């Protein structure tokens with residue numbers, strides 16, 4: 001993985017602006033009944049099980065992929081009721097993945113000082129309770145500026 005990370009950093013340095021886009025994908029393993037360590041991936045019931053894969057991909061403003069910055073794959077933990085989940089500190093919530101990804105970008109900024117690294121994801125608001133947190137030289141982009149879950153470009 002170190003070789004990939006080094007190559008990604010070199011590609012970041014070649015651009016003035018880089019978007020660090022993060023999102024979560026549900027990996028459905030419901031038909032693999034003998035597989036252990038899976039958990040519900042849907043809030044609508046415990047019949048759909050699998051893993052949650054959260055990745056941060058570095059891309060240019062034109063959409064050229066530069067490499068993977070951060071990745072985390074995990075089974076969802078038991079959440080309890082909605083009221084119980086809302087009372088947990090962010091460090092104990094599933095949505096902490098958005099902040100972990102943002103913080104994974106932090107050491108990259110000083111290593112590519114000529115690059116503006118912008119982090120964007122659909123869940124930062126839920127992870128940081130509405131604060132627009134800035135970590136070092138990384139600037140998070142609020143999801144409302146991305147037109148939902150994707151980056152809009154006028155062509």
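Structural remarks
- The slack between residue 47 and residue 64, meaning 0.36 nm per residue of separation minus the straight C-alpha distance, is 2.4 nm.
- Net length available on complete extension from residue 31 to residue 14 is 1.7 nm, with 0.36 nm assigned per residue and the Cα-Cα distance removed.
- Contour excess over end-to-end distance, with Cα ends at residue 72 and residue 116 and 0.36 nm allotted per residue: 13.4 nm
Coordinate-derived values only; no laboratory data. Quantities reported herein were computed from a predicted structural model and do not represent experimental measurements.
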